[in-house]
Each structure stands twice: as structure tokens, then as C-alpha cells.
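The values are calculated or read from the model by the stated rules, or taken from the named source; none is laboratory data. Bear in mind the structure is a predicted one, so any value in this text is a computation, not a measurement. Don't worry about glycine lacking a Cβ; one is built from the backbone with ideal geometry, like all the others, and counts go over all protein chains shown. Quick note on the areas: whole protein, heavy atoms, side chains included, nothing else; ligands and nucleic acids left out. Shrake-Rupley method; radii C 1.70, N 1.55, O 1.52, S 1.80 Å.
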Amino acid sequence: MKRKIVIGIFIFSIAITIRFFCGVYHHDEFPEEHFFIKHRPIWKWTFYSPIKMSDTKIEELSKEEQIEQKYFNEFIRDQGLSR
């Protein structure tokens, strides 16, 4: 019984670690999804760019889209992933 609890806790901790340090992003130009490792832990799993490849400025987006774009810039563009 104790062994099952230890194995359960181990699997749970691995799952939480993967959730915090891994993610998926939608490429801003091509219709592709990519798995990546985050540079800092965050609960967010899926990242996308509301601006995509248009000339829209971040100030023209809604508050929710601005937050999404900031996350995309921090985790994807600034790390050199979406090129």
C-alpha cells in the first residue's frame, strides 16, 4: 500500500513538472503546432499570437489579446523559436 502511494506521488510530481516547464505554441505564420520547453515555470500550456504576421500594433488589441501576445513574445519570440 505504501509503495502505491509513493508511486502515485512520483507520477503526480512528474506530471506537474511537465505542465509547468513544457508547452505548445501555434506558429504565427504557418498552421503548425510545436512542443517546447519554457525558460521559467508557468501554468499556461498553449501559446499563440493574436497579431500573427499582420501589421497590427499591440495597443490595438483587447486586454486579453494583449496578455496573450506578451506571453507569446516572452516565451516564443524572445527565445528565438518562431522564426
Scanning the range 21-54 residue by residue, those within 22 Å of E64 (Cβ to Cβ) and in a helix (DSSP H, G or I) turn out to be none
When you look at F21, is it over 11 Å from F75 (Cβ atoms), open to solvent by 60 Å² or more (accessible area, probe 1.4 Å), over 12 Å from the mean Cα position of the chain (by Cα) and free of Cβ contacts under 8 Å to residues at least 40 places away in the same chain, yes or no?
no
Within the range 58-76, is there a residue that is exposed (fewer than 10 other Cβ atoms within 10 Å of the Cβ) and of a type in the set (F, W, Y)?
no
Under 8 Å between Cβ atoms, which residue pairs at least 6 apart in sequence (or on different chains) link something in the range 38-50 that is without any contact (Cβ under 8 Å) to a residue 60 or more places away in the chain and open to solvent by 30 Å² or more (accessible area, probe 1.4 Å) with a partner that is in a loop (DSSP other than H, G, I, E, B) and of a type in the set (D, E, K, R)?
Y48/D28
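May I ask you to say which residue of F20, F47 is in contact with a Pro (Cβ under 7 Å, 6 or more places away or on another chain) and of a type in the set (A, V, I, L, M, F, W, C)? Quick ask: steps written out before the conclusion?
On the way: F47 fails: in contact with a Pro (Cβ under 7 Å, 6 or more places away or on another chain).
Of F20, F47, the one residue that is in contact with a Pro (Cβ under 7 Å, 6 or more places away or on another chain) and of a type in the set (A, V, I, L, M, F, W, C) is F20.
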Does L81 count as more than 12 Å from the chain's Cα centre (by Cα), surrounded by 12 or more Cβ atoms within 10 Å (Cβ to Cβ) and not charged (D, E, K, R)?
no
For residues that are at pLDDT 85 or above, over 19 Å from F20 (Cβ atoms) and not in a helix (DSSP H, G or I), tally how many sit in the range 55-83.
4
